[in-house]
Amino acid sequence: MTAAEAPAGAGGLLARAEDALPGSPAWTGLAPGRINVIGEHTDTIGGLALPTGVDRWAVVRLRPRVDGRVCIRALDLDERFGFDVGARPDPPSGWARTMAGAVLVCHEAFGLPPGGLDAVVTGDVPRGGGMSSSAALCVAWVNALAAWAGRALDTLEAARLAQRVEHEWSGVPCGLLDQISSQGSRAGRLLRVD
């Protein structure tokens with residue numbers, strides 16, 4: 001989801017990201033955390049699940065730069081990571097691996113504009129709280145990169161790209177439930193995933 005589609009509950013996080021990375025042009029992606037009403041962990045065996053998004057968000061804002069660098073700042077952790085476009089980054093672990101991996105996966109999948117980018121990430125999805133904060137981060141980042149590239153992604157395409165990031169860069173052998181939930185949830189509705 002992009003900033004134009006954002007619900008009111010994400011407004012404070014959107015403002016925080018814009019304050020940290022002002023100016024234009026800029027692109028923003030966001031995705032909610034999720035809960036499961038039925039079917040926790042059944043996606044990996046092809047079972048039914050009924051997830052829904054919650055009013056907790058991962059928000060990514062990016063702005064292009066011309067020097068061929070990717071510079072990312074995690075506002076909530078007060079950490080930074082950067083690498084040269086075209087190089088295979090070797091980030092430590094955690095959020096930096098996810099962010100670097102998403103840049104490479106999206107570049108391979110649909111191409112990214114030339115140059116580099118500055119980005120900030122923030123959110124209020126509890127890390128380690130069972131609400132899929134890593135999936136929300138991946139989906140938000142994939143959405144921001146796709147918007148920058150002028151590419152519209154459907155729910156399944158965005159979820160598969162985010163899943164690929166988790167598999168290849170985060171080392172998480174997950175199904176698609178968390179990513180589909182973050183990309184496809186709508187306020188006040190359950191999402192049937194089967």
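If I filter the stretch 105-137 down to residues being in a helix (DSSP H, G or I) and without any contact (Cβ under 8 Å) to a residue 60 or more places away in the chain, which single residue comes out as farthest from Val172 (Cα to Cα)? Write out each step before concluding.
Of all residues in the stretch 105-137, those in a helix (DSSP H, G or I) come to 105-110, 133-137.
Filter once more, so that each one left must be without any contact (Cβ under 8 Å) to a residue 60 or more places away in the chain: 106-110, 134.
Numbers: Cys106: 18, His107: 21, Glu108: 20, Ala109: 20, Phe110: 23, Ser134: 10 Å.
Step by step, filter the stretch 105-137, then rank; the result is Phe110.
Please go through the stretch 55-83 and give me each residue that is at negative phi and either open to solvent by 70 Å² or more (accessible area, probe 1.4 Å) or in a loop (DSSP other than H, G, I, E, B) (or both), ordered by number. If the condition is that a residue be at negative phi and either open to solvent by 70 Å² or more (accessible area, probe 1.4 Å) or in a loop (DSSP other than H, G, I, E, B) (or both), then Asp55, Arg56, Val66, Asp67, Arg69, Leu75, Asp76, Leu77, Glu79, Arg80 are the ones that fit. Please give the number of the condition Trp141 fails out of (1) in a helix (DSSP H, G or I); (2) open to solvent by 20 Å² or more (accessible area, probe 1.4 Å); (3) in contact with a Ser or Thr (Cβ under 9 Å, 6 or more places away or on another chain). That leaves (2) as the condition not met. Can you say whether Ala87 is modelled with pLDDT under 95, within 20 Å of Thr28 (Cα to Cα) and not hydroxyl-bearing (Ser, Thr, Tyr), as far as the supplied structure shows? So Ala87 does not fit the description; no.
Residue pairs, Cβ under 7 Å, 6 or more apart or interchain, first in the stretch 148-169 and within 22 Å of Ala26 (Cα to Cα) and touching a residue at least 12 places away in the same chain (Cβ under 8 Å), second among the aromatic types (Phe, Trp, Tyr) and assigned to a helix (DSSP H, G or I). List them. Listed by first residue and then by second, the contacts come to Ala149/Phe110; Arg151/Phe110.
The values are calculated or read from the model by the stated rules, or taken from the named source; none is laboratory data. These figures come from a predicted structure and were not determined experimentally. Note: ideal-geometry Cβ built from the backbone for every residue, glycine included; neighbour counts use all protein chains shown. What goes into the accessible areas is simple: the full protein's heavy atoms, side chains included, and nothing from ligands, DNA or RNA. Shrake-Rupley method; radii C 1.70, N 1.55, O 1.52, S 1.80 Å.
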